[in-house]
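What follows is a short report on a single structure.
FYI, it's all coordinate maths here, none of it is from the lab. If you're wondering where the values come from, they're calculated on a predicted model, not measured in any experiment. All Cβ positions, glycine included, derive from the backbone under ideal geometry; neighbour counts span all protein chains shown.
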Amino acid sequence: MKKRRFGIDIFLTSSCNQKCYYCTSYKPYLQKIKTDVQKIKYIVGILEKYNLNNFVLRLIGGEPGLVENLSEVVDFLKQKHLNRLEIYSNSTVRVKYPQYINDSAIRYIEHMFYMISNNRILKLGDIEFLPENQKNNYNVVILTDNFIMNYDKIDLEPLLHKNTIWKMVNNRSTFVSFTKDYLYRYENFLSMLKSHNLQVDNTLWDIKNLTLETRVACSLAPPSPVINLEENTIHHCSKQPLKTLKKEVSETNLDKLVKHKLFTEVPDYCMTCVDPSFYNREQFRLQSMWGHVLN
Ligand code: SF4
């Protein structure tokens, strides 16, 4: 059976040069943002015990492109033989650190799709969407209500290629109601993608079929914990940025995180979570229930 990778979001900064209406971790851009590289080295030093090839580390924020010493972080992580190193940006990284766009060792993901207005796409950055490429660079589009209800009124051509990730909504996505109309149009959207030999990254799940057991399993082995370098905290799940459980960054807590023993309570928000990642988890739930990366 396929071995699961352990993904961790490394939250470099909460500062950002944009002000997205859906953002939960924004504070206005402050000059001279530096992240604590020593802290990253400390964390990676502990994860090394569990074979770094099991880990996907995602550099996120705020906006990672505003971090002045981002190169130090990336240079360090690139030598570490991670399973994957990812950077999420609103396109600031593309402008300020173009070397990462040309480095296929880094999976660069751009969330530049801001909203649809007057039949056109509003972007965060004043540059074109990423074109089809072999360099591991991707656009990401979240299939929110607004998008699904309007996708056929706008020119999606620049996005219809293999380097765009079409993602279902998650708990971070606001204004999603799953009305009959949404579901009908969602199916049409899938057919349109299929006609271009493309597909949605996660399929639309039937939330009613998710069992309590599945939710508990997801909660005890959360799919996307976050290490917040500004706060020196480990957060239970990136899908719940505001109310997530938190613990201090320490060797003991990082060991427990990897063994899925750090978060032993099941918070209420997991009972209403709409993130599809735990649907996928059903497939490997029995295999992986706790400590599966330790082979
Ligand atoms: S149920 Fe949702 S909020 Fe809870 S750990 Fe899983 S993905 Fe995160």
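Note: relative contact order over the range 6-288, using C-alpha pairs below 8 Å and six or more positions apart, is 18 percent. Cα extents for the range 6-288 along the principal axes, largest to smallest and rounded to whole angstrom: 51, 45, 33. Entry note, the range 45-163: relative contact order of 21 percent, from Cα contacts under 8 Å with a spacing of 6+ residues. Length gained on full extension, LYS19 to ARG5, computed as 0.36 nm times the residue gap minus the Cα-Cα distance: 1.8 nm. As a rough footprinting exposure proxy, the listed residues ARG107, ARG120 were ranked by other beta carbons within 10 Å of their own, and the order from fewest upward is ARG120, ARG107. The charge dipole of the range 6-288, taken about the Cα centre with unit charges on the Cβ atoms of Lys, Arg (+1) and Asp, Glu (-1), comes to about 300 debye, rounded to the nearest 20. Structure note, pairs LYS167/LYS239; LYS49/LYS261; LYS19/LYS153: Cα-Cα distances above 18 angstrom occur for LYS19/LYS153.
Across the range 226-231, coupling constants 3J(HN,Hα) worked out from phi with the 6.51/-1.76/1.60 Karplus curve, θ = phi - 60°, read 10, 9, 9, 6, 5, 9 Hz, and Gly and Pro carry x. What the Cβ-Cβ distance of LEU242 and LYS49 gives, at R0 = 35 Å and to the nearest 0.05, is a FRET efficiency of 0.65.
Each of TYR29, TYR186 was scored by other Cβ atoms within 10 Å of its Cβ. Arranged with the fewest first, they read TYR29, TYR186.
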